Amino acid sequence: MLTKQQLALFWGLWARAEAEELPATATRQERDVLRRKVMFRACAKISLKDVNRTHDFDRIMYDVALLAGDYEALAYWVNSKERRTAHMIGQCARQIGEIAGVPHGWEYCRKVFEQARLPGAWMDVPDHLLFATFQMLDTHRRRTLKRDHGWSGERDGTPLGFMPDRIYVRTGLTVAYYDPLPVAAASADPAKHAASA
């Protein structure tokens, strides 16, 4: 289901789209028909309850921005997938640095980019190669955890999967990880787990 923030974004933009597309005298039924038509065209769903938080929502927001004639919103929603992948690249680089015990993992990232004959900064990587870039960094992150710290996966409490918010803390030869709790439960302390080499 969509978050409260996503719903607020949708309804705010939808109000502008309705004002642009329909006369002020349009009935509620006409408004609902238009909204369902736009949603179905965007992601083959007619209810916001069925829309997923990523790709479906991005497609709907793009189409609604187009209908509203809001070109600033249109420019924002057209590259939502690239922004999400760039965020994952940044988080993965941070995690690589934390696992290695250095402040940033960008030096390794630059070397990966050079080896793959990509530009030296992720901002210059072509859109169609962004996800492959993330995969290269995530592969290195996993290999480092396996090779240098003996992690083998979820079964023994040393997960290798990528979680963007995960925080690694290195103390000597030991790497611990913290998974922040969901926002609703943020008042409690994050879960802490440790694994030694």
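Bear in mind these aren't lab numbers, they're just calculated from the coordinates by the rules spelled out. The structure presented is a predicted model; accordingly, all values stated were derived computationally and were not measured. Glycine also receives a Cβ, built like all others from the backbone with ideal geometry; neighbour counts cover every protein chain displayed.
Want the number for residue 142 to residue 41: 0.36 nm per residue separation, take away the alpha-carbon distance, what's left?
Numbers: separation 101, 0.36 × 101 = 36.36 nm, distance 3.94 nm.
The span from residue 142 to residue 41 would gain 32.4 nm if fully extended.
The value of relative contact order for region 4-78, using C-alpha pairs under 8 Å at least six residues apart, is 35 percent. Comparing Cα centroids, region 12-59 and region 120-186 end up 37 angstrom apart.
Computed from the C-beta positions of residue 107 and residue 169, the FRET efficiency with R₀ = 22 Å rounds to 0.65. In order along region 39-54, phi translates into HN-Hα couplings of 5, 5, 5, 6, 8, 6, 10, 10, 10, 5, 5, 9, 7, 7, 6, 10 Hz, rounded to whole numbers, per the Karplus curve 6.51 cos²θ - 1.76 cosθ + 1.60 with θ = phi - 60° and x for Gly and Pro. With coordinates expressed along the principal axes, the C-alpha atoms belonging to the chain extend over 70, 43, 25 Å, beginning with the largest.
Given the rule -39500 (n - 2.57) for each run of at least 4 DSSP H residues, summed and divided by the residues of the chain, what is its mean residue ellipticity at 222 nm, to the nearest 500 deg cm²/dmol? Mind showing how you got there, number by number?
Working: 7 runs with 107 residues, N = 197.
After summing the helix terms and dividing by residue count, I get -18000 deg cm²/dmol.
For the chain, the relative contact order is 14 percent, taking Cα pairs closer than 8 Å that sit 6 or more residues apart in sequence and dividing their mean separation by the residue count. Only Lys, Arg, Asp and Glu carry charge here, each on its Cβ (+1 for the first two, -1 for the last two); on that basis region 4-78 has a dipole of about 340 debye about its Cα centre.
Database remark: amide H of residue 175 closer than 5 angstrom to the amide H of 195, 197 (H placed geometrically; neighbours at sequence offset of 5 or more, or on other chains; Pro and chain starts carry no H). Taking Cα centre as origin and charging only the Cβ of basic (Lys, Arg, +1) and acidic (Asp, Glu, -1) residues, the dipole magnitude of the chain rounds to 460 debye. In sequence order, region 144-157 has phi-based couplings of 5, 5, 5, 6, 8, 10, x, 6, 10, x, 4, 4, 9, x Hz under the Karplus curve 6.51 cos²θ - 1.76 cosθ + 1.60, θ = phi - 60°, and Gly or Pro positions carry x. Each 10 Å bin from zero up to the one holding the largest Cα-Cα distance in region 4-78 carries the following percent of pairs: 20, 58, 21, 1. Remark on residue 158: its backbone amide H falls under 5 Å from those of 152, 153, a criterion applied only to residues 5 or more positions apart or on other chains, H modelled at 1.01 Å from N. Among 92, 159, 133, which residue has its Cα positioned farthest towards the positive end of the charge dipole of the chain, with +1 placed on the Cβ of Lys and Arg, -1 on the Cβ of Asp and Glu, and the dipole taken about the Cα centre? Projecting each Cα onto the dipole axis, the largest value belongs to 159.
Sorted from fewest to most neighbouring beta carbons within 10 Å, what does the list 151, 106 look like?
Numbers: 151 21, 106 18.
In order of increasing Cβ crowding within 10 Å: 106, 151.
Give the residue from 171, 24, 106 lying farthest towards the positive end of the charge dipole for the chain; charges sit on Cβ (+1 for Lys and Arg, -1 for Asp and Glu) and the dipole is referred to the Cα centre. Farthest towards the positive end: 171. Within the straight-line cut-off of under 12 Å between alpha carbons, the aspartates and glutamates reachable from residue 81 are 56, 58, 127, sequence neighbours fewer than 8 places apart in one chain being disregarded.
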